[in-house]
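What follows is a set of notes on a single structure, which appears directly below.
Quick note: the coordinates plus some simple rules give every number you see, no bench work behind them. Just so it is clear, the model here is predicted, and its values are computed rather than measured. Don't worry about glycine lacking a Cβ; one is built from the backbone with ideal geometry, like all the others, and counts go over all protein chains shown.
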Amino acid sequence: MSRARTHRIGLFAPPAGAVSAAPFQEDEFSATPAQTVFALSQSFAPGGMSIVTVNGVRYSDGTDYTIVGTTFTWLNTPFVLVAGDCVVVTFEHL
């Protein structure tokens with residue numbers, strides 16, 4: 001597991017009607033074959049928003065991945081990650 005980059009992206013514009021003052025973090029990883037667990041650089045804010053893309057395609061929280069604390073878990077749906085897949089996790093942190 002290797003982290004290509006990590007950086008704070010400041011405040012994220014929340015969806016209409018939502019209020020968010022938590023800072024967001026973006027961590028980018030280059031997956032290893034069949035990798036499912038990644039260590040985030042910050043702790044995910046419980047109930048916070050997250051956006052995950054793999055090779056530029058967005059996936060759904062709870063269906064395709066989970067985030068608890070500093071652990072991001074890819075659930076292998078709809079596919080298993082292969083070496084070099086670019087996984088970008090953008091999330092609210094504590």
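See the values below:
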{"item": "For segment 33-89, projected area of the alpha-carbon convex hull averaged over all directions, nm²", "result": "3.6 nm²"}
{"item": "5 angstrom amide H check on Ala45, placed H, neighbours 5+ away", "result": "Glu92, His93, Leu94"}
{"item": "Sum of side-chain charges, Gly47 neighbourhood, beta-carbon under 12 Å (Lys, Arg +1; Asp, Glu -1)", "result": "-2"}
{"item": "Whole-Hz ³J(HN,Hα) from phi, Karplus 6.51 cos²θ - 1.76 cosθ + 1.60, for segment 70-76, glycine and proline x", "result": "9, 10, 9, 10, 7, 8, 6"}
{"item": "Extended-chain gain in nm, criterion 0.36 nm per residue less alpha-carbon gap, Ile51 and Ala34", "result": "4.0 nm"}
{"item": "Ranked list, fewest to most other Cβ atoms within 10 Å of each Cβ, for Tyr65, Tyr59", "result": "Tyr59, Tyr65"}
